[in-house]
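Here, each number is a calculation from the coordinates, and none is a lab measurement. Just so it is clear, the structure is predicted and the values come from calculations on it, not from any experiment. All Cβ positions, glycine included, derive from the backbone under ideal geometry; neighbour counts span all protein chains shown.
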Amino acid sequence: MSHAIGTLREQGLHAALKLHLAQRGDRFEQEVDGYQIDILRGDLLIEVQTGNFSALRKKLGVLLEAHPVLLVHPIAAQKWIVRQDSRGRQVARRKSPKRGRLEDIFDELLYIPQVIQHPNFAFRAVLTEEEEVWRDDGRGSWRRKHWSIAERRLLRVVAETEFAGEQDYLGLLPATLKTPFTHKQLAQALGVNTRQSTRVSYCLRKMGLLEEHSRQGRELLLAPVMASSQADGRTQ
């Protein structure tokens, strides 16, 4: 396993995930087509993104034209909040009531729907147990009463799910969901609010996997797209 300079000094969730993913022969922090790549495994480029996907649009647009890319993103299925004083000393630790779930991938994928269907693109969601470190430095969000998020730490990988084709994404739609359906019905089936179900449908529509079916009063009805090529394949 080849570690580039700086990899072993890197801290936090991002570094821990790279080490979790690492295999013998991998090269870290390599430059490809003018962009820094987290892991280079033969021809495969592996990118770990713990934050917002909007910054990836241009990078992925360039890299996917010539390389297979696996994008890896963690979702905190369980999280603990660690509070530190301004000097970094721990003063409290509690379990967060918020639990991440696989459907949360659409919170970020909505920023890159145009690349999800690219034949060179694959996506892996990693459900984790994490610590989120809050520091009392007065520079954070008002929602956290100005505590800053200083670090995210990986405690354990709970599960990994890879998405390589349209059926993998459509598979997140509950089998109990009747077609066609409204955003409200989708939300009820998934056990989320309508804001979240709208994000799910937005991504799937941009990917060409859902379409507008009709309307039920003022509500839009949606249905999965049955690609003619898939239908032809089943009848041959």
Most positive-pole-ward Cα, Gln117, Ser148, Ala175, against dipole of the stretch 63-182 from beta carbon charges: Ser148
Expected 222 nm ellipticity per residue - DSSP helices of 4 or more, -39500 (n - 2.57), all of the chain, to 500: -6500 deg cm²/dmol
Added length on full extension, which subtracts the Cα-Cα distance from 0.36 nm per residue, Ser214 to Lys178: 11.5 nm
Prolate/oblate/rounded label for the stretch 14-147 (Cα gyration tensor, a/c 1.5): prolate
Residue order, fewest to most surrounding Cβ atoms within 10 angstrom, among Thr198, Thr182: Thr198, Thr182
Neighbour count of at most 16 Cβ within 10 Å plus DSSP loop: longest trypsin sites (Lys or Arg not before Pro)-free window in the chain: 25-86
Zone of Lys206's modelled label, taken as backbone nitrogen in the stretch 36-53 under 15 Å from a point 7 Å along Cα→Cβ: 52-53
With Cα atoms, 0 to 90° folded angle of helix 12-21 axis to the chain main axis: 60
Candidates Ala175, Ala125, Ala223, ranked by Gaussian network fluctuation over the chain, Cα under 10 Å, top entry: Ala175
Cα-based Lys proximity count in the chain, under 20 Å, for pairs eight or more positions apart or on separate chains: 10
Choice from Pro174, Pro74, Pro119 with maximal GNM fluctuation in the chain (Cα, 10 Å cutoff): Pro174
More than 20 Å apart - percent of Cα-Cα pairs taken over the stretch 165-236: 28
Counting DSSP beta bridges with both ends in the chain, the antiparallel % (nearest 5): 60
Size of charge dipole - the stretch 1-164 - debye, nearest 20, with Cβ of Lys, Arg +1 and Asp, Glu -1, no other charges: 1000
The chain: relative contact order as a whole-number percent, Cα under 8 Å and 6+ apart: 14
Residue among Ala92, Ala15, Ala189 with the largest mean-square fluctuation in a Gaussian network model of the chain, springs linking Cα atoms under 10 Å: Ala92
Positive-end extreme of charge dipole, the stretch 46-115 - chosen from Ala66, Gln78, Phe106 (charges on Cβ): Gln78
Integer Hz, Karplus 6.51/-1.76/1.60 couplings in order for the stretch 149-166, x for Gly and Pro: 7, 8, 5, 10, 10, 7, 9, 6, 8, 8, 6, 9, 10, 9, 10, 10, x, 4
Long-range amide H partners of Leu210 with built H, under 5 Å: Arg205, Val225
Amide hydrogen neighbours beyond the local backbone of Trp80, cut-off 5 Å, H modeled: Ser96, Glu130, Glu131, Glu132
GluC sites (Glu not before Pro) restricted to the stretch 26-105 and DSSP loop, no more than 16 other C-beta within 10 Å: Glu65
Extension gain (nm, one decimal) between Arg57 and Gln30, 0.36 nm per residue minus Cα-Cα: 7.8 nm
